[in-house]
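Asker: Below is the structure I would like to discuss, written out as structure tokens.
The values are calculated or read from the model by the stated rules, or taken from the named source; none is laboratory data. Predicted model only: the values in this text are computed from it and were never measured. Methodologically, a virtual Cβ is constructed for each residue, glycine included, from the backbone with ideal geometry; neighbour enumeration extends over all protein chains shown. Remember, those area values only see protein heavy atoms, side chains included, never the ligands or the DNA or RNA. Shrake-Rupley method; radii C 1.70, N 1.55, O 1.52, S 1.80 Å.
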Amino acid sequence: MRAFQFQIIRRWLAAGGIVLAACSDGTTAPGRDPEIINTTDNFQYQITDIQGFSGTQSYSWSNTGTTATVDQSASVASGSVSLVLLDANGAQVYSRSLADNGTYSSSAGTAGIWTVRVTYNAADATVNFRVDKAN
């Protein structure tokens with residue numbers, strides 16, 4: 001399975017994708033096996049075995065649309081993990097606990113460089129979500 005995941009990441013890199021291991025706030029990714037894929041109109045985030053982590057991770061993401069679709073599939077055993085999206089003007093267009101699994105839509109915002117912000121509070125979790133341009 002791990003070799004298969006590596007092949008997927010390698011293909012995305014060859015197609016111009018970027019895998020980020022560092023975060024804009026200077027903290028390292030919590031947990032094990034971070035997989036953060038950040039391409040125009042698609043952002044994917046998966047980290048396993050997070051234990052008691054508190055902190056915020058922010059990423060710049062290029063969205064050529066004005067809305068986004070968010071697919072959340074996480075397991076939060078304790079503490080909390082939340083996801084916030086800010087549009088290119090810094091307006092909040094999405095905020096939800098990552099304990100809520102499902103597919104959701106952002107509010108309309110301004111196309112351009114959006115901020116994807118994940119906030120952990122004493123979290124024991126496995127976090128997995130995907131953000132895609134909706135229009």
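Asker: Just give me the residues in region 80-135 being of a type in the set (V, I, T) and outside any strand (DSSP E or B), in sequence order.
Answerer: Scanning region 80-135 gives a single hit, T110.
Asker: Separate question: I'm checking my understanding of the structure. Among residues of region 31-54 that are open to solvent by less than 40 Å² (accessible area, probe 1.4 Å) and of a type in the set (F, W, Y), which one is nearest to L98 (Cα to Cα)?
Answerer: Taking the candidates together, the pick is Y45.
Asker: Right, here's the next one. Are any residues in region 65-79 in a strand (DSSP E or B), polar (S, T, N, Q) and open to solvent by 50 Å² or more (accessible area, probe 1.4 Å), and if so, which ones?
Answerer: The answer is S75, and nothing else.
Asker: Scanning region 99-122 for residues that are within 18 Å of G31 (Cα to Cα) and either free of Cβ contacts under 8 Å to residues at least 60 places away in the same chain or of a type in the set (F, W, Y) (or both), which turns out surrounded by the most Cβ atoms within 10 Å (Cβ to Cβ)?
Answerer: My answer is Y120.
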